[in-house]
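Values quoted throughout were computed directly from the atomic coordinates according to the rules given, and no laboratory measurement underlies them. Predicted model, so just to flag it, every value in this text is computed and none were measured. Quick reminder, even Gly has a Cβ in these numbers, built from the backbone with ideal geometry, and neighbours come from all protein chains shown.
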Amino acid sequence: DTEVTQTPKHLVMGMTNKKSLKCEQHMGHRAMYWYKQKAKKPPELMFVYSYEKLSINESVPSRFSPECPNSSLLNLHLHALQPEDSALYLCASSQVDLLTYNEQFFGPGTRLTVL
Amino acid sequence: ENQVEHSPHFLGPQQGDVASMSCTYSVSRFNNLQWYRQNTGMGPKHLLSMYSAGYEKQKGRLNATLLKNGSSLYITAVQPEDSATYFCARAGAGGFKTIFGAGTRLFVKA
């Protein structure tokens, strides 16, 4: 199984809502990533987990809260978002060994709209 | 140091042509470089990884070279299904931090 799955595919939320994005992989990868991608722009790294511990936080606002409950799952909890947070949120996973850690496998993304 | 620049931004070859694109970056500590492809509405898909300057890699109709501060990607005999956005991405210090360039949008005319 070389697939990264993300749910939901689409999400519309108000600025006062609390919602969560979910990501799952069963490739045995121990690094998992959240990216944000605006239309016609490249993915921008938000968070990286390595062995279920937060390794990188790219100065992301606290209204985005990541969680890695186990080696297969990655969540992104959303609260009090702004309309400018509307984007495609991509999850990715990779190995952590030196030669292959940057071959990242991406999910299809969650298209988030904040009203 | 964190910028990755692509050239050209858009490419529109005829079917059967060779598509050529490149990226450049300034970096004090080089780790590795990857090329990804992204179709509309999907996540990026890893194509190639390269690890040292002078490195060349071929995979099917893809051919990539790695220079000291950039990389070139060639796609031979392009087909309409090759139409996508192609991103170059480099690993920053610490390994996991991946920085994507703005990408080259390829549209192959049938």
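Annotations
- Once the Cα-Cα distance is subtracted from the 0.36 nm per residue extended length, the A:LYS18 to A:LYS41 segment shows a gain of 5.7 nm.
- The spacing between the stretch B:55-110 and the stretch A:74-115, judged by their C-alpha centroids, is 21 Å.
- Database remark: amide H of B:TYR55 closer than 5 angstrom to the amide H of B:LEU66 (H placed geometrically; neighbours at sequence offset of 5 or more, or on other chains; Pro and chain starts carry no H).
- Counting neighbouring beta carbons within 10 Å and listing from fewest to most, the residues A:LYS19, A:LYS36 come out as A:LYS19, A:LYS36.
- Cysteines having no other Cys beta carbon under 4.7 Å from their own, within chain A: A:CYS68
- Working note: Debye formula, equal point scatterers on the alpha-carbon atoms of the protein assembly as shown, no solvent; log10 I(q)/I(0) at q = 0.10 Å⁻¹ is -0.45.
- Evaluated over chain A, the Cα radius of gyration and Dmax, each in Å: 13.4, 43
- Database remark: amide H of B:LYS97 closer than 5 angstrom to the amide H of B:GLY92 (H placed geometrically; neighbours at sequence offset of 5 or more, or on other chains; Pro and chain starts carry no H).
- Spherically averaged projected area of the convex hull of Cα atoms, the stretch A:1-53: 5.0 nm².
- The stretch A:67-106 shape via C-alpha gyration tensor axes, a/c threshold 1.5: oblate
- Each Lys or Arg adds one and each Asp or Glu subtracts one; over the other residues with Cβ under 13 Å from the Cβ of A:LYS36, this totals 0.
- Kirkwood estimate for the stretch B:5-110, i.e. one over the average of 1/r between Cα atoms, Å: 13.8
- Pairs from A:LYS18/B:LYS97; A:LYS53/B:LYS97; A:LYS41/B:LYS68; A:LYS53/B:LYS45; A:LYS40/B:LYS59; A:LYS41/B:LYS45 whose Cα-Cα separation, in the structure shown, is over 21 Å: A:LYS18/B:LYS97; A:LYS41/B:LYS68; A:LYS53/B:LYS45; A:LYS40/B:LYS59
- If you run the Gaussian network model on chain A, springs between alpha carbon atoms under 10 Å, then out of A:CYS23, A:CYS68, A:CYS91 the most flexible one is A:CYS68.
- Highest mobility in the GNM of chain A, judged by mean-square fluctuation with C-alpha springs under 10 Å and restricted to A:LEU90, A:LEU11, A:LEU21, is found for A:LEU11.
- Shielding by other protein chains, A:30-42, mean Cβ within 10 Å: 3
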